[in-house]
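Notes to accompany the following structure.
The values are calculated or read from the model by the stated rules, or taken from the named source; none is laboratory data. None of these values were measured; they are calculated from a predicted model. Heads up, the Cβs are rebuilt from the backbone with ideal geometry, glycines too, and the neighbour counts pull from every protein chain shown. Remember, those area values only see protein heavy atoms, side chains included, never the ligands or the DNA or RNA. Shrake-Rupley method; radii C 1.70, N 1.55, O 1.52, S 1.80 Å.
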Amino acid sequence: MALYLLYESASGYGLFIAHGLDEIGQNTDAVRKSVVDLNRFGKVVKLEAFQPFSSALDALNQQNAISEGLMTDELRNFLELNLPKIKEGKKPKYSLGVAEPKVGSHIMEETKIPCQSNEFVLELLRGVRLHFERFIKELKPSDLEKAQLGLGHSYSRAKVKFNVNRVDNMVIQAIFLLDTLDKDINSFSMRVKEWFSWHFPELVKIVSDSYLYAKVLKFLRTKSELSEDKIPGLTDILGDEDKAKEIVEAAKSSMGQDLSEIDLLNVHQFAQRVIELAEYRKNLHEYLVDKMNVVAPNLASLIGEIVGARLISHAGSLTNLAKCPSSTLQILGAEKALFRALKTRGNTPKYGLIFHSSFIGRASARNKGRMARYLANKCSIASRIDCFSEANTTVFGDKLREQVEERLDFYDKGVAPRKNIDMMKAAIEGAYKDQTPMDIEDEPSKASAKKSKNKNSNEENDVSMEDAATNGDASSVKKSKKKKPKGTTPVDDESTPATNGSVSEPETEKKKKKKEKRKLEEQEQTQNGDGTGKKKSKPVENLQTTSEVKKKKKSKSKDV
């Protein structure tokens, strides 16, 4: 049985044929060793046909199809032209070796060409890949390398298909940078305070904020230059005239030592750098807020931009966060405490990064765990809406936030919250109004048209029922009527006999069968349960009498 090999290269499709190979007797190790030697490998495997790609775009399309396990029209034509034709009703005398099993199954479904993909075929294809330049004489090694490089770049570029405005990677990087900036600004501001306190130690007690301290330091330069003329400038920085006057008074009786001009210059440059970092941190925070309102608007409106960004960064992406169940999201960020509790068999943590939300802080100590569980549930819903919905709205996040607020009131005051179904219906209606206001106007007309159709159909049914009653079709009328309650006398059935006797007789037989079934069920209930009613006691007596009669008959037969 001949073996053909399909090789997909960056320059085109290649079809090879392997002669004199016995797959059962061949060892993969032996094939692996023989593949390296071109003289041995070239005698066994030979080129049958080669079809180059027409352009780089064509190569990219073919590569995308192969990666998805699909056979293109070009590949089908190439195989049908170069492979032997299979006669109807006969088994093929060859098989096609393919590297990808999915492609082989698709080729087999479409063209009925038998395909195989195993270690033996993969080793042969590895040899083809190794010596591919030698099989095609017109192809230069540099040309093949260029084709591989260009196709690799275009394939990877095409694979990364995303919306530029909704990239959660930027949120992850921004929150990481924000955390590092907070640490750096805190350490740098502490260093500035310690450095300038040698010169003016009283300033730390008056101005506690690090950013304002750096701005005041830059404005003052030295305490000796302070006078009442600089009070307006200090009030502009601090926003408080009393503090400005207090700084001027403290500078007059300061216990600090004098610094040289070079030392003061270094202190001022360092303070300027801290001010720039603090301002950049504010800009970065605004950028993160804007980005979160685009990437995850519902999550941001529910739990806040910073906490939502921390959840996304800890999960790795918004998609990973959406895949997490609410129980995992609840303890996200407290993995160490969780595994320590599992190891020591202690109490597991109730919350992780969610603890930084304002809802957990507002809840009482008794209800913090409940609140964390409920909030994690709503956060998982919001993240899934943000991840998989195409519309960019905050309606769902606002409604989920209202639900959390109502749950807080329920825990504290006992006020019953609204149902989730009602809230989600209101959210869907609000989102629908925001997206397509024109479609909403069309819906009432559609609904009214449906109602009118239903009315017309009901009227037609009523007319048909009346006709059937006049013509004497009793069965159609009976089917339309509702079941009568128990205790009512069937007046119509007894007083008015049916015109068609063949229709009424089977119905009466059915009724009799139903009555018999009901009696049997009542008898079983009385046997299993403690029935005290008169109606239930009678069938039991009848059963006992029948059993006694049977016993008497048996005894008589024995005597005879």
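Would you please list the contacts, defined by Cβ atoms under 9 Å and residues six or more apart or on different chains, that run from a residue in the stretch 95-108 that is crowded, with 18+ Cβ neighbours inside 10 Å to a residue that is part of a helix (DSSP H, G or I) and among the aromatic types (Phe, Trp, Tyr)?
Gly97/Phe120
In this structure, is Ser357 closer than 19 Å to Ala309 by Cα, free of Cβ contacts under 8 Å to residues at least 60 places away in the same chain and among the hydroxyl-bearing types (Ser, Thr, Tyr)? Spell out how you get there, then give the answer.
Numbers: closer than 19 Å to Ala309 by Cα: yes; free of Cβ contacts under 8 Å to residues at least 60 places away in the same chain: yes; among the hydroxyl-bearing types (Ser, Thr, Tyr): yes.
Judged against the criteria, Ser357 is a match.
Among the residues of the stretch 45-62, is there at least one that is open to solvent by less than 40 Å² (accessible area, probe 1.4 Å), more than 22 Å from Glu145 (Cα to Cα), assigned by the TED database to the domain that holds Pro101 and modelled with pLDDT under 90?
yes
Give the residues of the stretch 4-18 that are free of Cβ contacts under 8 Å to residues at least 60 places away in the same chain and open to solvent by less than 10 Å² (accessible area, probe 1.4 Å), sorted by residue number.
Gly12 - this is the single residue of the stretch 4-18 that is free of Cβ contacts under 8 Å to residues at least 60 places away in the same chain and open to solvent by less than 10 Å² (accessible area, probe 1.4 Å).
Going through the stretch 103-121 one residue at a time, which ones are in a helix (DSSP H, G or I) and under 19 Å from His19 (Cβ atoms)?
Once the filter is applied, which keeps residues that are in a helix (DSSP H, G or I) and under 19 Å from His19 (Cβ atoms), the stretch 103-121 yields Phe120, Val121.
I need every pair where a residue in the stretch 257-278 that is among the polar types (S, T, N, Q) has its Cβ under 9 Å from the Cβ of a residue that is in a helix (DSSP H, G or I), sequence separation at least 6 or different chains.
These pairs meet every condition: Asn266/Trp195; Gln272/Ala214; Gln272/Lys218.
Testing Lys450 on (1) modelled with pLDDT under 85; (2) in a loop (DSSP other than H, G, I, E, B); (3) open to solvent by 90 Å² or more (accessible area, probe 1.4 Å), one condition comes back false. Which one is that?
(2)
Considering each of Leu178, Leu151, Leu139, Leu125 in turn, give the residue that is closer than 30 Å to Tyr287 by Cα, crowded, with 17+ Cβ neighbours inside 10 Å and not aromatic (Phe, Trp, Tyr).
Just a single option satisfies the conditions, and that option is Leu178.
Residues in the stretch 332-346: is at least one farther than 23 Å from Lys419 by Cα, open to solvent by less than 30 Å² (accessible area, probe 1.4 Å) and either touching a Gly at 6+ places or on another chain (Cβ under 8 Å) or part of a loop (DSSP other than H, G, I, E, B) (or both)?
Yes; the residues of the stretch 332-346 include at least one that is farther than 23 Å from Lys419 by Cα, open to solvent by less than 30 Å² (accessible area, probe 1.4 Å) and either touching a Gly at 6+ places or on another chain (Cβ under 8 Å) or part of a loop (DSSP other than H, G, I, E, B) (or both).
Can you pull out every residue in the stretch 66-91 that is assigned to a helix (DSSP H, G or I) and surrounded by 18 or more Cβ atoms within 10 Å (Cβ to Cβ)?
Across the stretch 66-91, the qualifying residues are Ile66, Leu75, Phe78, Leu79.
Out of the stretch 100-127, which residues are among the aliphatic types (A, V, I, L, M) and closer than 14 Å to Leu3 by Cβ?
Ile113, Val121, Leu122, Leu124, Leu125
May I ask you to list pairs of residues, at least six apart or on different chains, whose Cβ atoms are under 8 Å apart, with the first in the stretch 298-309 being of a type outside the set (Asp, Glu) and the second being outside any helix (DSSP H, G or I)?
Asn298/Thr393; Asn298/Thr394; Ala300/Thr394; Ser301/Thr394; Ile303/Ser357; Gly304/Ser357; Val307/Ser357; Gly308/Ala296
Which residues, taken from the stretch 358-389, are more than 17 Å from Leu321 (Cα to Cα) and open to solvent by less than 50 Å² (accessible area, probe 1.4 Å)?
Matches in the stretch 358-389: Phe359, Ile360, Ala363, Ser364, Asn367, Lys368, Gly369, Met371.
Quick one: how many residues across the stretch 330-387 are under 25 Å from the mean Cα position of the chain (by Cα) and hydroxyl-bearing (Ser, Thr, Tyr)?
Counting residues in the stretch 330-387 that are under 25 Å from the mean Cα position of the chain (by Cα) and hydroxyl-bearing (Ser, Thr, Tyr) gives 5.
Quick one: which residue in Lys183, Lys218, Lys205, Lys137 is more than 19 Å from Lys252 (Cα to Cα) and at pLDDT below 90?
Lys137
Go through the stretch 390-416 and give me each residue that's in contact with a helix residue (DSSP H, G or I) (Cβ under 8 Å, 6 or more places away or on another chain), open to solvent by less than 50 Å² (accessible area, probe 1.4 Å) and within 17 Å of Ala372 (Cβ to Cβ).
Within the stretch 390-416, Leu400, Gln403, Val404, Leu408 qualify.
Which helices (runs of 4 or more DSSP H) sit wholly inside the stretch 204-318 and have at least 1 residues that are open to solvent by 50 Å² or more (accessible area, probe 1.4 Å)?
Helices (runs of 4 or more DSSP H) meeting the threshold: 210-220, 231-238, 241-252, 261-295, 305-315.
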